[in-house]
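A short write-up of the structure that comes next.
The values are calculated or read from the model by the stated rules, or taken from the named source; none is laboratory data. Small disclaimer: the values here were computed from a predicted structure and weren't measured. Reconstructed Cβ throughout: ideal geometry from the backbone, glycine too, with neighbour counts over all protein chains shown. For the accessible areas, the whole protein counts, side chains as well, though only heavy atoms, and no ligand, DNA or RNA atoms are used. Shrake-Rupley method; radii C 1.70, N 1.55, O 1.52, S 1.80 Å.
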Amino acid sequence: MVKCIGVLTSGGDAPGMNAAVRAVARTCLNKGIEVYGVKLGYKGLHDGEFIKFDRHSTRNIINIGGTMLKSARFPEFKDPEVRKEAIEKMKEVGMEALVVIGGDGSYNGALKLTEMGINCIGIPGTIDNDIPDTDHTIGFDTALNTIVDALDKLRDTSSSHQRCTILEVMGRRCGDLAINAGIADGAEMVITSEIGYDENKVIEVLKASKASDKKHAIVVITEHITDVHELAKKVEAATGFETRANVLGHMQRGGRPSARDRVLASRMGVYAVELLEAGKGGLCVSEVNGEIKGLPITEVLGHKRETDFSIYEDAIKLR
């Protein structure tokens, strides 16, 4: 029977992480298990930056964005000796197992610790929705709503000035944010790394929009594909559409988590503790067709998430 569990957040912050931390802490306390919050991710685990949680520790955080435990880069954790030092710090307070909330890099650390005798469970916390074998990651829904809200505002001014608006969003390895936002806001075009980028095709589509007497147009593109400001200049020169580029940036990571992210995070946090209580490790919590499951981290990290291109085809039909 596990008697003491730790919880940390690692990698980029995502709305809903605090709800997951709260769920882990409250579930542990309800089961009579001691629980510690680990500050600053794996760095804090190595340095012994622990907070012993009681029922008041996670009060009023379910609706707050970011992560109360903070996050920090710590590439040194790849070193087995560094991980051994972290395990010694855990043993000093009696911490026997760990819940890790983060992306695939965080999962790698959890897997390595499990291999060294510390059972770990991963929870997918990343706005990009780029973790395989889960329908959604914590933070994706909130980030998507942030993008749609921005697009709604940009559409107002784009329509007023009869412009083409190009919006760059996050998700360089997974186009789910761009594709879903494009559908939700009726974009003329969505560009992601999976779909591919053809500058001539972009201009061709926007020329056709202009010729059909459309008064404005929206293009959604994921980051690290092209310089969107240069693309805007080329579009304007070739189509006659006055064109502006906007980079939404880290605004997508912040804000109060949506109801869906709070519920998902809470369900995943409870299930993570139940897995550790059952003596399991090396697993990650996933949402599969609405059901919460535990899957081997090795399987999840063994392949790339497949983007559902059928919804992109739907977006084209609605153009």
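Selection of first residues in segment 94-108 that are within 12 Å of residue 123 (Cα to Cα) and touching a residue at least 40 places away in the same chain (Cβ under 8 Å) and of second residues that are in a loop (DSSP other than H, G, I, E, B) and β-branched (Val, Ile, Thr), restricted to Cβ pairs under 6 Å at least 6 apart or on distinct chains, gives the following pairs, ordered by first then second residue: 103/126.
Criterion first (assigned by the TED database to the domain that holds residue 180 and of a type outside the set (Asp, Glu)) does residue 146 satisfy it? Against the criterion (assigned by the TED database to the domain that holds residue 180 and of a type outside the set (Asp, Glu)), residue 146 qualifies.
Every listed requirement among (1) buried (at least 24 other Cβ atoms within 10 Å of the Cβ); (2) hydrophobic (A, V, I, L, M, F, W, C); (3) more than 26 Å from residue 104 (Cα to Cα) is met by residue 205 save one, (1).
Considering segment 52-74 alone, what residues qualify as being open to solvent by 60 Å² or more (accessible area, probe 1.4 Å), more than 18 Å from the chain's Cα centre (by Cα) and either without any contact (Cβ under 8 Å) to a residue 24 or more places away in the chain or more than 19 Å from residue 87 (Cα to Cα) (or both)? Result: 54, 55, 56, 59, 60. When segment 243-276 is filtered for residues that are open to solvent by 60 Å² or more (accessible area, probe 1.4 Å) and either of a type in the set (Asp, Glu) or free of Cβ contacts under 8 Å to residues at least 60 places away in the same chain (or both), the ones remaining, listed by number, are 250, 259, 263, 271, 274. Once segment 83-117 is narrowed to residues that are over 24 Å from residue 3 (Cα atoms) and open to solvent by 20 Å² or more (accessible area, probe 1.4 Å), the residue that is modelled with the highest pLDDT is 108.
From 194, 230, which residue is open to solvent by 40 Å² or more (accessible area, probe 1.4 Å) and more than 28 Å from residue 260 (Cβ to Cβ)? After applying the criteria, what remains is 230. Of all residues in segment 241-262, those satisfying the criterion of being part of a loop (DSSP other than H, G, I, E, B) and farther than 12 Å from residue 217 by Cα are 248, 254, 255, 256, 257, 258. Restricting segment 136-159 to residues that are under 14 Å from residue 184 (Cβ atoms) and of a type in the set (D, E, K, R) leaves a set whose member that is modelled with the lowest pLDDT is 155.
Sub-8 Å Cβ pairs linking a first residue in segment 112-126 that is touching a residue at least 24 places away in the same chain (Cβ under 8 Å) and farther than 19 Å from residue 89 by Cβ to a second residue that is of a type in the set (Ser, Thr, Tyr) and not in a helix (DSSP H, G or I), at least 6 apart or interchain, are 124/134; 124/137; 124/286; 125/9; 125/137; 126/137, ordered by first then second residue. You will find that of 266, 310, 209, the residue that is of a type in the set (Gly, Ala, Ser), closer than 20 Å to residue 8 by Cα and part of a helix (DSSP H, G or I) is 266 and no other. The strands (runs of 3 or more DSSP E) falling completely within segment 1-109 that include 1 or more residues that are among the charged types (D, E, K, R) map to 34-38, 50-52. Against the test of being touching a helix residue (DSSP H, G or I) at 6+ places or on another chain (Cβ under 7 Å), at pLDDT 95 or above and not assigned by the TED database to the domain that holds residue 132, the options 228, 220 yield a single qualifying residue, 220. Restricting attention to segment 34-88, the residues being of a type in the set (Lys, Arg) and closer than 21 Å to residue 277 by Cα number 2.
Scoring residue 279 on the criteria (1) among the small types (Gly, Ala, Ser); (2) open to solvent by 30 Å² or more (accessible area, probe 1.4 Å); (3) part of a strand (DSSP E or B) leaves a single failure, condition (3). Report whether or not residue 302 is assigned to a strand (DSSP E or B) and surrounded by fewer than 21 Cβ atoms within 10 Å (Cβ to Cβ). No. Among the residues of segment 2-39 satisfying the criterion of being in contact (Cβ under 8 Å) with a residue 24 or more places away in the chain and on the phi > 0 side of the Ramachandran plot, which is surrounded by the most Cβ atoms within 10 Å (Cβ to Cβ)? Ranking the candidates gives 16 first.
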